[in-house]
Structures are given as C-alpha cells and as structure tokens.
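Peer 1: Provided herewith is a single structure, encoded as structure tokens, for subsequent inquiry.
The values are calculated or read from the model by the stated rules, or taken from the named source; none is laboratory data. Computed from a prediction, not measured in an experiment: that's the story for all the values here. When the accessible area is computed, the model is the full protein with side chains, heavy atoms only, and any ligands, DNA or RNA have been set aside. Shrake-Rupley method; radii C 1.70, N 1.55, O 1.52, S 1.80 Å.
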Amino acid sequence: MNAYTPILVLGAIAAAFAIFSVVAASVIGPKRYNRAKLEAYECGIEPTPQPAGGGRFPVKYYLTAMLFIVFDIEIVFLYPWAVHFDSLGLFGLAEMLVFVALIGVAYAYDWRRGGLEWD
C-alpha cells in the first residue's frame, strides 16, 4: 500500500483542485445572463439558420484533416523505428519502406486533390 500512497495523494490533490475551481468560478463569476448566453454551445454570436441536413462542409476541410492524420501517424511510427533502427535489421527497413510507400500514396492523393494549395 505504501507504493500507491503518492498516487492517491496526487489524485486527491487533483480532485480537490477541480472541485475548488468549479465552486470558485460559480461564486466569483459574473451573474449577468441574456438569451444568447443561455443557448447551448454559446459563443456570443447569434446563430444563423442552417439548411435542412446541416449544410455541407467544403472538401478542403476534409483534405486538411486527412493531411493532419497522415503526417501525425507517420511521425508516431517513424520515431520509434528510428530509435531502434540498428536492432530491427533488414526486416525493419523493408517494413518501413512499405509503410512510407503507403503514406506516400495518401500524400499523393491529397496533393492531387489540391489539399496543399492554401487559397
């Protein structure tokens, strides 16, 4: 049990801080409300009517998201491979070449669709 004491103390401190922050914000915070402030997901701007179905996002939005995912996943897998490159040998090199080729296909698709052109 002594090994878990620091973890329990840290958890208690974190919970106390969270509870204190919520209580202090409700006591100290402003109390002026209006109709816009009481709306769900309020940002202070009056909402505009949306077409049925919620409208459409431009394809550029999805291409940018795809670029983020491609490069994020590439870094997540390339860094550990680079750290243990010596111990993986030829098999590790071949597997990483296949991985980089697949990432290259996604990159080429996004490039071809205009995801790298910032208008």
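Peer 1: Taking θ as phi - 60°, what are the ³J(HN,Hα) couplings along segment 66-72 by the Karplus curve (6.51, -1.76, 1.60), each to the nearest whole Hz, with x for Gly and Pro?
Peer 2: 5, 4, 4, 5, 4, 6, 5
Peer 1: Tell me, what is the 1.4 Å probe accessible area of Glu117, in Å² to the nearest 10?
Peer 2: Only protein atoms counted, so the area is about 110 Å².
Peer 1: Then there's this: How much of Phe99 can a 1.4 Å solvent probe reach, expressed as accessible area in Å² and rounded to 10?
Peer 2: Accessible area of Phe99: about 40 Å².
Peer 1: Still on this structure, please answer the following. Can you compute 3J(HN,Hα) from phi for each residue in segment 8-13, using the Karplus curve 6.51 cos²θ - 1.76 cosθ + 1.60 with θ = phi - 60°, rounded to whole Hz and x for Gly and Pro?
Peer 2: 5, 5, 4, x, 5, 5
Peer 1: So, one more: Tell me, what ³J(HN,Hα) does each residue in segment 99-113 have, in order and in whole Hz, if you take phi through Karplus 6.51 cos²θ - 1.76 cosθ + 1.60 with θ = phi - 60° and put x for Gly and Pro?
Peer 2: Listing the rounded values in order: 4, 5, 5, 5, 5, x, 5, 5, 5, 5, 4, 5, 5, 5, 7 Hz.
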